[in-house]
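Encoded as structure tokens, the structure appears first; notes follow it.
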Amino acid sequence: MSKRQSNLASILLSFLFCILSPIHVLAQSSTLMKLWYVQPAKQWVEALPIGNGRLGAMIFGNPCKERIQLNEITIWGGQPHRNDNPGAKEALPIVRQFIFQGKYKEAQDIANQKFISHHSHGMPYQTAGDLHLFFPGHENYTNYYRELNLETAVTTTIYTVNGVQYKREAFSSFPDQVIVFRLTASKPGSIHFTATLSHPAPVRISTEGNDQLIMSGITGDCDSIKGAVQFQVHAKIVVEGGSLSATDTRLIVTNADMATLYISIASSFKNYNDISESPEVKANTNLQNALKKNDEQILRDHITDYQRYFNRVSIELGVTDAVNNPTPVRIERFAKTDDPQLVALCFQFGRYLLISSSRPGGQPATLQGIWNDRLYPPWDSKYTVNINTEMNYWLSEPTHLSEMNEPLIQMIRELSETGKQTARMMYDAEGWVLHHNTDLWRITGPVDGAFWGMWPMGGAWLCQHVWEKYEFNGDGEYLKSVYPILKSAVEFYLSFLIEEPRYQWLVVCPSVSPENAPAIHSEASISAGTTMDNQLLFDLFTKTIKAAKILNVDKDLIQRIEKTLKRLPPMQIGQWGQLQEWIDDWDSPNDHHRHVSHLYGLFPSNQISPYRTPELFAAARTSLMARGDASTGWSMGWKINLWARLLDGNHAYKLIQDQLSPAILPNGKQKGGTYPNLFDSHPPFQIDGNFGFSSGVVEMLVQCHDGCIHILPALPDAWRTGRVSGLRARGGFEILNLAWENGALSELVIKSHLGGNCRLRVYCPVQVKENVVLRPIRKEKENPNPFYQVPKIKKPLISKKAKCTPGPLRQSYLYDLSTEPGKTYTLIPSKI
Ligand code: FUC
């Protein structure tokens, strides 16, 4: 089909659409995987995000004044720099002494002076500005509709003015590295508009010929660091019919049949240490390459590329009449209506956002993915690694988007280099260390203030992702390439740990239980040997030992780690039966802090299990009950995962209801919840909640951390019948189909990519269709599959006052299936 023919076809379709209105027919008939609206976006959190991992845009869909807010992932304030406070080395023994004497405030005061950076608290991720399109006479429009189609990653806006139907489509192409914005109309010659660029900081805007806008700028200063990243935005218009003209800063399109804008953005960023790239050459090269193709071809290649990832997983949780409402109405009504499809949509929206904000070769998703309209966004929209960055990637492996965590792994690789200087300079220690924040420049020193920043555990947590990628994919070459990162992180802690004088345990000191302080000294969070630190070290140590054994290296190191492991503090159950957050029994049942760091051992880690550690399982439940449900967006996202791990599907679903409640209240105030464009609200917008949500839905349907693949571990009553396909489990298993009816498993199809024993936990007896042996396992015992080895946890210390009664567990059935690589196995409930 030629461009003109396809244009005519789309006009015909649009005409049919006009006749067939009401609008919801379009929304429902084609696909359920859409966010749709009957009004333009008034505010940023109503606009629709598109992205290719590097280039992002928010599309407002306003008929008379279109706003396309732009981003490019390497446009950050500042320039390459370090932020280590050299005073730490000398102050370390004093701070430790104060902490061990219980003088927490004094210790924290010194840490503020001698440990926290006075130079840089990390640089901000900055907007690339806006493209504005002005359409004279389009103030009075009818039949308005806009959508984001998650199946194609294209936004569409449709409306009518004076009997002419106008259509705008936008997408961000990964193969062609441009954003495309296409305008068509039902009547030839009806497209007239003016285009210009703007930016909140001083920039230079010019035109080139009569069809191209160019904006050049330099990023902003922050703390004591001068902004030095140069960037350019190139926007080129191609028209069919009509004419194009230009002023100094504007392009004018008159009487066109169709117009397409190609937006290319680039910066001088080469890597965290080098900003010598030419933004002009890069932006221009990408633009010229894209222009060699026609826009239909770019669109087709975009959809093929995107669907390669998106189509790997599909989900059905049931469809009700609620889907006939625009997206914001569904959010408003979610708690009171039966709308399981909204959960399916949000689950897939999380996958959409990850594919659109984190691509191999690029940067990891920030606190806002790649979507930010400010120069100085909340928390700089950087990488907060005491929960947020990790949460961004929880969904990547189980929802079959392993490629998308490559930017995270690459960032960890780089941090393992920059963090060596911090370890040496601040602590005179081996290995690498990272505190609670980092940015494009891979800073690793502590920031913000000791209350928040005095946490040398960022590396330990990120290393779990390095290992997890191996656990899901089983790629030995990959493990070999990342092993030095794990080893060097271990080396840091082996030289940094210190003996706690009362118990003689080896502890991290100074540290914090992220951002929380016990009620008894609420002004100081600084501490030693917090529960989360111990859990993180347990994981880092045991996983590094496993990696070294698989690679058959470092026998001496393994021995050293094993010795140290024995001396880590055990988990402790405190006086009200809770899992202790700190080394002392300081927890208050009235503490509703958003961080639930000590529950890291329950999720994402697998140290706490209903089958292996029933007392700790009960204690974790007591702690989570006390912490409460409603909180910031990401906290609720974490709690969905936690309640799923507690095998309580209805409580997990309650958190889903809390998270899918409107973030903007009728009085204009904001709370944790969901914005009209489905962005998660801390408040403000923070993308971790979206990603945590998708991960939570997986944890409700399939878990694979506790020695087996656990099928439907936390199915809520609200999802009676459903189906999911394409999820991945550790050890290279792929769940090709998991279907359930009336709350019970009806079919399970598993593909084995690596072979090995597949142990299943199900809630009804099953049989396998293929001619293979399915062995029932009568007693909980070790799974011979190395990817399913479970951690051996130290016995917890339990307070005499604690009542710790693990509840009864629902009866489950365990089976072993010996699988071959490449083969598929179908299980159904057995007839007996
Ligand atoms: C952590 C959280 C905050 C926020 C910030 C970006 O510091 O405690 O709630 O999410 O990261």
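The values are calculated or read from the model by the stated rules, or taken from the named source; none is laboratory data. On a predicted model such as this, the values are computed, not experimentally measured, just so you know. Positions of Cβ are backbone-derived with ideal geometry, glycine not excepted, and every protein chain shown enters the neighbour counts. Please note that ligands, DNA and RNA were not included when accessible areas were found on the heavy atoms of the full protein model with its side chains. Shrake-Rupley method; radii C 1.70, N 1.55, O 1.52, S 1.80 Å.
Scanning the range 61-120 for residues that are touching a residue at least 40 places away in the same chain (Cβ under 8 Å), among the polar types (S, T, N, Q) and under 29 Å from I355 (Cα atoms) turns up Q69, N71, T74, Q79. Among the residues of the range 501-526, just one is more than 16 Å from the ligand (Cβ to nearest atom) and at positive phi, namely Q504. Exactly one of these conditions fails for L665: (1) modelled with pLDDT of 95 or more; (2) within 29 Å of D587 (Cα to Cα). Give me its number. Exception for L665: condition (2). Mind listing whichever residues of the range 378-396 are at positive phi and open to solvent by 10 Å² or more (accessible area, probe 1.4 Å)? If the condition is that a residue be at positive phi and open to solvent by 10 Å² or more (accessible area, probe 1.4 Å), then W379, D380 are the ones that fit.
A count restricted to the range 53-91 and to residues that are in a strand (DSSP E or B), over 18 Å from Q126 (Cβ atoms) and open to solvent by 30 Å² or more (accessible area, probe 1.4 Å) stands at 1. Only one of the listed residues (S245, S314, S264) is of a type in the set (G, A, S) and in contact with a Ser or Thr (Cβ under 7 Å, 6 or more places away or on another chain). That residue is S314.
In the range 615-644, the qualifying residues are those that are touching a residue at least 60 places away in the same chain (Cβ under 8 Å) and in contact with a helix residue (DSSP H, G or I) (Cβ under 8 Å, 6 or more places away or on another chain), and the one that is nearest to the ligand (Cβ to nearest atom) is W634. Looking across the range 427-442, the residues that are outside any loop (DSSP other than H, G, I, E, B) and closer than 19 Å to P378 by Cβ come down to N437, T438. Within the range 497-522, residues that are touching a residue at least 40 places away in the same chain (Cβ under 8 Å) have Cβ atoms under 8 Å from residues that are assigned to a strand (DSSP E or B) and charged (D, E, K, R) in these pairs: W505/E499; L506/E499; V507/E499, counting only partners at least 6 apart in sequence or on another chain.
For the range 342-392, a tally of residues being among the aromatic types (F, W, Y) and farther than 22 Å from N437 by Cβ returns 3.
The residues of the range 329-350 that are hydrophobic (A, V, I, L, M, F, W, C), out of contact with any strand residue (DSSP E or B) (no Cβ under 9 Å at 6 or more places or on another chain) and farther than 25 Å from S725 by Cα, listed by number, are V329, A335. I'd like the residue in the range 675-699 that is closer than 30 Å to I711 by Cα and open to solvent by 10 Å² or more (accessible area, probe 1.4 Å) and, out of all such residues, is farthest from the ligand (Cβ to nearest atom). If we take residues in the range 675-699 being closer than 30 Å to I711 by Cα and open to solvent by 10 Å² or more (accessible area, probe 1.4 Å), then E699 is farthest from the ligand (Cβ to nearest atom). Being under 31 Å from the mean Cα position of the chain (by Cα) and touching a residue at least 12 places away in the same chain (Cβ under 8 Å), is that true of even one residue in the range 766-774? No, the range 766-774 has no match at all. Where helices (runs of 4 or more DSSP H) fall entirely within the range 614-714, those with at least 3 residues that are within 30 Å of K42 (Cβ to Cβ) are at 633-645, 649-659, 688-701. Being part of a loop (DSSP other than H, G, I, E, B), more than 16 Å from the ligand (Cβ to nearest atom) and of a type in the set (D, E, K, R) holds for only one residue in D539, D591, D556, D585, and it is D585. Looking only at the range 397-405, decide whether some residue is at pLDDT 95 or above, crowded, with 24+ Cβ neighbours inside 10 Å, within 16 Å of the ligand (Cβ to nearest atom) and assigned to a helix (DSSP H, G or I). So far as the range 397-405 goes, no, none of its residues is at pLDDT 95 or above, crowded, with 24+ Cβ neighbours inside 10 Å, within 16 Å of the ligand (Cβ to nearest atom) and assigned to a helix (DSSP H, G or I).
In this structure, does S597 turn out to be among the small types (G, A, S), buried (at least 19 other Cβ atoms within 10 Å of the Cβ), within 16 Å of the ligand (Cβ to nearest atom) and within 24 Å of the chain's Cα centre (by Cα)? For S597, the condition - among the small types (G, A, S), buried (at least 19 other Cβ atoms within 10 Å of the Cβ), within 16 Å of the ligand (Cβ to nearest atom) and within 24 Å of the chain's Cα centre (by Cα) - is met.
Return yes when K794 is within 24 Å of E615 (Cβ to Cβ), among the charged types (D, E, K, R) and open to solvent by 20 Å² or more (accessible area, probe 1.4 Å) and no when it is not. Judged against the criteria, K794 is a match.
To keep it simple, each residue is scored yes or no on (1) part of a helix (DSSP H, G or I); (2) of a type in the set (S, T, N, Q).
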site: V233; (1), (2): no, no
site: V239; (1), (2): no, no
site: V253; (1), (2): no, no
site: A283; (1), (2): yes, no
site: N289; (1), (2): yes, yes
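Per-residue answers, yes or no, for (1) farther than 20 Å from P684 by Cβ; (2) modelled with pLDDT of 95 or more; (3) touching a strand residue (DSSP E or B) at 6+ places or on another chain (Cβ under 9 Å):
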| residue | (1), (2), (3) |
| --- | --- |
| S29 | yes, no, no |
| Q39 | yes, yes, yes |
| K42 | no, yes, no |
| L48 | no, yes, yes |
| R54 | yes, yes, yes |
| C64 | yes, yes, yes |
| Y104 | yes, yes, yes |
| I116 | yes, yes, no |
| H121 | no, yes, yes |
